[in-house]
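In what follows, a structure is listed as structure tokens, so that the remarks can point back to it.
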Ligand code: SF4
């Protein structure tokens, strides 16, 4: 008999609740959970097709070991697989030290999976070389929040969208990338004719179509725009002097630097009319509660942290934070990038938003884990981690639930690193990804519909993920694989702490330990447990012991988690993109998501109906730029720069400014005859967040001989 099991969608950070229909053996269907506060029953096309990804197609069913790099993987038992991994890792650690191995994990893992990976690296092996693909999407948002507000904590909730008087959407395209959030924006527009929507995007995106004001700024000029808006607010007396005086530091220093950001100068830096900058500033400061929604367009930049800070300044200067309908609200890209941050699953973080660089935080975590210390040496963030593979400094890497051979910038370097590595483990649900070709050992992990644990969405809401069916084939839960490996490795390395570090028999016991580590921290969830989540439904953090429910908004009292309780303005100045288009490569390459595909398409790529709208990646280009190169709509073109070349079909898009081209990021070499868009993107990173500038590269386009 069919039943429905509560779970979540495993795609974007909106974190929609789903009900999985199952006969107990197979997944039969899916619908939105009408009781889940993120979506109240709604799903986008991807979410509504989830059941079609759970039929076993394309799955890795057994552990498999490659006898040699030029041979196909051969099926082995779990014991053989893990013992081989232990032998290789232990041998490399003994010979070269703990920093010669690394873990590269994913914002699509459960919080519990993340927790044990982090503990394995930092607590058992003694290396901080554990980083995640969330480095590619949210780390600038993390650093931006921490530098200005004092903690990595999005202060808003989805309900704010319906209460805002003005919504500033910057570097985000929720119409395609966060569709249920976009439904809330559409609802807000319908309910409030006075609502003003401002969209900042170098491209006239699908979201920009509903904007009252679209600002198609030059790529990378976000700081200039936000500084220019603040200049106007200051000049016109639109800032909230009382809020600034009572709740912030650093405004006077910043105000001194703002003098040069006149609308006329900013118009030149951003490539938009000065009148638009003035209008945006006035609307932001005078239309009632001001809400900002932002994502990769701000984050994926070599100055992403300051992009975030410059936007947050607008809220602090006008007091538009900590009240209904107001605040800087970063939209999370992946379903559990937030959970990974919470458990400290990045090279520079420790459990519960602690910082690796802080000796007190290291001591606290060591005490919680019952180990002498946590190593102080910083781990390698994503880009550096793969460079260290290429240089030979890191010799073995364990990759889980992500596809760096497609998603990281400077693909040639990443692939060279994977090829040079002495041992590559890939723990994955699906067998056929660009990264799988480099794996010595493939470990089958459970997929959507089978997994259990918790995830946290963009509004800090934690939801339980429940399995509807048993694992396919010999697939195991990610946390189980890690714990089994950790115990075997600990015994091999004769580490006496291993049984104390990894006592877990259930996923719930990992969550309980995670909750304990958060006590007294900004994200305190010491009052949460699986039973609370079951009885009361998904909850926002903080949820300290004794609380009856989670906290909807942060900073309502104007106190921030800094040493003196005040938020901070920081000096931020306009910077150009790392690559400036020139004679040889005169075009700015932008990239983004489509409505019906997800990341590298390992899941959405097996659902035929998700190709109905877009069946191939098209390069969008202005008709004048096409004429200049004697291109016709539908021609195959070579998109190239010094790093590589992609062959795609070109499509005329008059709404895109001249000098800019745009391409979806989903297709990799598995789905087309050349590498994906990231083969052309450089690996320059933000100095604070280490997030690479994936959103921009200088390129040229020419007709392909394949026409
Ligand atoms: Fe899934 Fe995001 Fe769509 Fe919701 S909006 S159904 S979380 S992809």
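The values are calculated or read from the model by the stated rules, or taken from the named source; none is laboratory data. Given the structure is predicted, the values throughout are model-derived calculations rather than measurements. Backbone-built Cβ (ideal geometry, glycine too); neighbour counts: all protein chains shown.
Data for the structure
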{"read-out": "Checklist (1) in contact (Cβ under 8 Å) with a residue 24 or more places away in the chain; (2) more than 16 Å from the ligand (Cβ to nearest atom) applied to residue 157, failing item", "value": "(2)"}
{"read-out": "Complete set of residues in the stretch 1-18 that are within 13 Å of the ligand (Cβ to nearest atom) and part of a loop (DSSP other than H, G, I, E, B)", "value": "9, 10, 11, 12, 13, 14, 15, 16"}
{"read-out": "Residue 331 being in contact (Cβ under 8 Å) with a residue 24 or more places away in the chain and within 21 Å of residue 562 (Cβ to Cβ)", "value": "no"}
{"read-out": "Filter result for residue 426 (part of a helix (DSSP H, G or I), in contact with a strand residue (DSSP E or B) (Cβ under 9 Å, 6 or more places away or on another chain), surrounded by 20 or more Cβ atoms within 10 Å (Cβ to Cβ) and modelled with pLDDT of 95 or more)", "value": "no"}
{"read-out": "Selection within the stretch 49-59 - away from the ligand (no atom under 14 Å from the Cβ) and either in the same structural domain as residue 180 (by TED's automatic domain parsing) or not in a loop (DSSP other than H, G, I, E, B) (or both)", "value": "59"}
{"read-out": "Some residue of the stretch 356-371 being without any contact (Cβ under 8 Å) to a residue 60 or more places away in the chain and in contact with a helix residue (DSSP H, G or I) (Cβ under 7 Å, 6 or more places away or on another chain)", "value": "no"}
{"read-out": "All positions within the stretch 19-48 that are free of Cβ contacts under 8 Å to residues at least 40 places away in the same chain, within 15 Å of the ligand (Cβ to nearest atom) and over 21 Å from residue 605 (Cα atoms)", "value": "19, 32, 33, 34, 40, 41"}
{"read-out": "Filter result (more than 16 Å from the ligand (Cβ to nearest atom) and either part of a loop (DSSP other than H, G, I, E, B) or free of Cβ contacts under 8 Å to residues at least 24 places away in the same chain (or both)) within the stretch 186-207", "value": "189, 190, 192, 193, 194, 195, 201, 202, 203, 204, 205"}
{"read-out": "Residues within the stretch 483-504 that are in contact with a helix residue (DSSP H, G or I) (Cβ under 9 Å, 6 or more places away or on another chain) and assigned to a loop (DSSP other than H, G, I, E, B), tallied", "value": "7"}
{"read-out": "Residues that are outside any loop (DSSP other than H, G, I, E, B), under 24 Å from residue 106 (Cβ atoms) and in contact with a strand residue (DSSP E or B) (Cβ under 9 Å, 6 or more places away or on another chain), drawn from the stretch 343-360", "value": "349, 355"}
{"read-out": "Test for residue 471: is it assigned to a loop (DSSP other than H, G, I, E, B) and assigned by TED's automatic domain parsing to the domain that holds residue 414", "value": "yes"}
{"read-out": "Meets criteria (buried (at least 24 other Cβ atoms within 10 Å of the Cβ) and either outside the structural domain of residue 664 (by TED's automatic domain parsing) or farther than 18 Å from residue 276 by Cβ (or both)) for residue 190", "value": "no"}
{"read-out": "Among (1) within 24 Å of the chain's Cα centre (by Cα); (2) part of a loop (DSSP other than H, G, I, E, B); (3) surrounded by fewer than 21 Cβ atoms within 10 Å (Cβ to Cβ), the one test that residue 183 misses", "value": "(2)"}
{"read-out": "Looking only at the stretch 19-36, and only at residues there that are part of a loop (DSSP other than H, G, I, E, B) and surrounded by fewer than 21 Cβ atoms within 10 Å (Cβ to Cβ), the one that is modelled with the lowest pLDDT", "value": "24"}
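A quick yes/no check of all residues on (1) assigned to a helix (DSSP H, G or I); (2) more than 20 Å from the chain's Cα centre (by Cα); (3) touching a residue at least 40 places away in the same chain (Cβ under 8 Å):
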| site | (1), (2), (3) |
| --- | --- |
| 385 | yes, no, yes |
| 389 | yes, yes, yes |
| 409 | no, no, yes |
| 418 | yes, yes, no |
